[in-house]
1. Being assigned to a helix (DSSP H, G or I) and surrounded by fewer than 24 Cβ atoms within 10 Å (Cβ to Cβ) is the filter here, so list the residues in region 58-68 that pass it.
2. Residues being crowded, with 23+ Cβ neighbours inside 10 Å and closer than 28 Å to residue 277 by Cα: count how many of those fall in region 73-95.
3. Among the residues of region 189-215, what is the count of those that are farther than 24 Å from residue 378 by Cα, touching a residue at least 40 places away in the same chain (Cβ under 8 Å) and not in a loop (DSSP other than H, G, I, E, B)?
4. Can you pull out the residues in region 241-255 that are closer than 17 Å to residue 288 by Cβ and either hydrophobic (A, V, I, L, M, F, W, C) or out of contact with any helix residue (DSSP H, G or I) (no Cβ under 7 Å at 6 or more places or on another chain) (or both)?
5. State all residues of region 360-417 that are in a loop (DSSP other than H, G, I, E, B), surrounded by 22 or more Cβ atoms within 10 Å (Cβ to Cβ) and not basic (Lys, Arg); if no residue qualifies, say none.
6. Scan region 218-227 and give yes if some residue there is within 27 Å of residue 175 (Cβ to Cβ), in a loop (DSSP other than H, G, I, E, B), within 16 Å of ligand 2 (Cβ to nearest atom) and in contact with a Ser or Thr (Cβ under 7 Å, 6 or more places away or on another chain), otherwise no.
7. Could you please let me know if residue 129 is away from ligand 1 (no atom under 13 Å from the Cβ) and either of a type in the set (Phe, Trp, Tyr) or in contact with a Gly (Cβ under 9 Å, 6 or more places away or on another chain) (or both)?
8. Against the definition (more than 11 Å from ligand 1 (Cβ to nearest atom), surrounded by 17 or more Cβ atoms within 10 Å (Cβ to Cβ), modelled with pLDDT of 95 or more and part of a loop (DSSP other than H, G, I, E, B)), how does residue 306 come out, yes or no?
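The values are calculated or read from the model by the stated rules, or taken from the named source; none is laboratory data. The structure displayed is predicted, hence computed values, not measured ones. Methodologically, a virtual Cβ is constructed for each residue, glycine included, from the backbone with ideal geometry; neighbour enumeration extends over all protein chains shown.
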Amino acid sequence: MCLHIFKEATMSRATLSGLGALAAVVAASCGGGNQDDAGQEAVLGAKGRQTALAAQGRQVFRFETFGDEAKWTDTLRMHEVIAAAVDPTTALSVGLKVDADALPQGVKNGIAKGRIDLTSPATTVALLKMDAVVGLKGTVETVAGVDRLVRVGITCALCHSTVDNSFAPGIGKRLDGWPNRDLNVGAIIALSPAVGSAEKDVLNGWGKGKYDPRHNIDGLNKPVVIPPAYGLAGIHRITFTGDGEDIAYWNRYVAVTQMGGQGSFSDPRLPLSITNGTEDLVSDKLPALQAYQLTLTAPPAPAGSFDTVAAARGKAVFDGRGQCASCHAGALFTDANSRLHPPADSVVEPETPSYAARSATRQYRTSPLKGLWQHPPYFHDGSAATAEDVAATYNAKRSLGLTPQEISDLAHYLKSL
Ligand code: HEC
Ligand code: HEC
């Protein structure tokens, strides 16, 4: 039955390249807890094909570099940096995460008992060899018993996955779609010997949980928070500025223009047209990637993380005097499918440079709010540290005249979504 999924998924579309990737798909389709369900659906037809496609997409999301080693290895020489100076303790301190499920029991025991040296870069190389560092894909060659890191690339999971810390801080089960707000992307890139000192200052100024996905295009500098990649089913405006109608638009943008994957992106609205390399390693993976992302739902607020009575009062403020529902409308808490908003409708504008002005639409999308509890800080610039800050900011900026009690109730409601 597992073989069925594999055939259906790959014969209709050649979505993944390389035997290793294919083997991984088979492993994913056959090894998961839902294997029987998935297998039956595959034989049953359209829904099954969607499930198989999403399983492939999970592999893409977690492990596919689209050939971006050309940037991270050939240009930025990050493999040298990692091998020389990035021990696991350092890696964890810049927010990188380790997938506990990828670690053999012996390694787990070794870490727990302090027998594995977490201050040696060789241990990082060993973790990369096991595919255990979330969002980093290393190629390790073993010559005469010695492991050498020869290539490294990044995947979507680098920024859009974290772990549940169930084994140790920074080490646990993967949580795909959850933004890694501990990750200091700027500080990591600044370690590259290929980056000049002025640019290092810019990158080191970004801070954790933020990234500027337009800086390398327009030269301006104003990072945005890494948003969740979950809860996007049914929303047909993607990104803070609603640049694309479906997720695949932005996936292609990031894969090519930010990750450095081999392929093309062009959008006359920006205007921008980029081709990396001579082969397209991006296009045929986008359908599976999008199918997987659409399965990622926003995590419900943990019981006890908000006051239910206050949240019920807060809902009345949200729908009533706060006027929030006029934009955060419907079950997805956004009017994104019907309109975008002028910059002034964002409470953090005016800002310099304006993030909207750098985008394809030059407007903002009303942010969807499901799973809000999980990903502070809020707004595209991360200027509101808590839900209380959000409520207080709206109260001041839009002169709502809410009482402190109403502001607090509204915050409890936001944390319950
Ligand atoms: C280096 C960090 C980084 C990597 C790697 C990265 N992203 Fe993102 N992603 C961001 C940032 C920052 C934004 C916010 C940009 C915006 O909305 O303008 C974003 C936005 C998004 C969004 C829009 C979410 C929404 O609310 O509409 C999606 C979807 C997404 N990324 C998916 C992906 C996928 C798929 C990949 C791999 C192909 C990927 N990202 C790789 C940092 C990253
Ligand atoms: C005029 C339309 C509009 C109204 C009214 C409005 N919002 Fe928003 N909201 C937006 C837009 C646009 C954004 C994105 C702003 C940004 O990130 O720059 C946003 C962002 C947010 C965010 C940040 C979400 C995130 O993921 O960072 C929260 C929380 C929020 N709004 C809550 C509220 C509350 C509570 C109210 C009522 C007091 C409200 N909004 C009223 C349009 C609106």
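1. Filtering region 58-68 for residues assigned to a helix (DSSP H, G or I) gives 58-63.
Selection gives 59, 62, 63.
2. Residues that pass the stated criteria total 3.
3. Within region 189-215, the subset farther than 24 Å from residue 378 by Cα is 189-201.
Checking which are touching a residue at least 40 places away in the same chain (Cβ under 8 Å) leaves us with 189, 191-195.
So of that shortlist, the ones also not in a loop (DSSP other than H, G, I, E, B) come out as 189.
Qualifying residue count for the region: 1.
4. Here is the first cut: in region 241-255, the ones closer than 17 Å to residue 288 by Cβ are 246-252, 254-255.
Those that are closer than 17 Å to residue 288 by Cβ and either hydrophobic (A, V, I, L, M, F, W, C) or out of contact with any helix residue (DSSP H, G or I) (no Cβ under 7 Å at 6 or more places or on another chain) (or both): 247, 248, 249, 250, 254, 255.
5. Quick first cut of region 360-417, residues in a loop (DSSP other than H, G, I, E, B) only: 360-363, 365-371, 375-377, 379-383, 385-386, 398-403, 417.
Restricting the remaining residues to those that are surrounded by 22 or more Cβ atoms within 10 Å (Cβ to Cβ) gives 365-366, 368, 380.
Within region 360-417, 366, 368, 380 qualify.
6. Restricting attention to region 218-227, the residues satisfying the condition of being within 27 Å of residue 175 (Cβ to Cβ) are 223-227.
Adding the requirement that they be in a loop (DSSP other than H, G, I, E, B) leaves 223, 226-227.
Within this subset, residues satisfying the condition of being within 16 Å of ligand 2 (Cβ to nearest atom) are 223, 226-227.
Still in the running and in contact with a Ser or Thr (Cβ under 7 Å, 6 or more places away or on another chain): none.
Taking every residue of region 218-227 in turn, none turns out to be within 27 Å of residue 175 (Cβ to Cβ), in a loop (DSSP other than H, G, I, E, B), within 16 Å of ligand 2 (Cβ to nearest atom) and in contact with a Ser or Thr (Cβ under 7 Å, 6 or more places away or on another chain).
7. On the way: away from ligand 1 (no atom under 13 Å from the Cβ): yes; either of a type in the set (Phe, Trp, Tyr) or in contact with a Gly (Cβ under 9 Å, 6 or more places away or on another chain) (or both): yes.
Here the answer is yes, as residue 129 does meet what is asked.
8. Numbers: more than 11 Å from ligand 1 (Cβ to nearest atom): yes; surrounded by 17 or more Cβ atoms within 10 Å (Cβ to Cβ): yes; modelled with pLDDT of 95 or more: yes; part of a loop (DSSP other than H, G, I, E, B): yes.
It is true that residue 306 is more than 11 Å from ligand 1 (Cβ to nearest atom), surrounded by 17 or more Cβ atoms within 10 Å (Cβ to Cβ), modelled with pLDDT of 95 or more and part of a loop (DSSP other than H, G, I, E, B).
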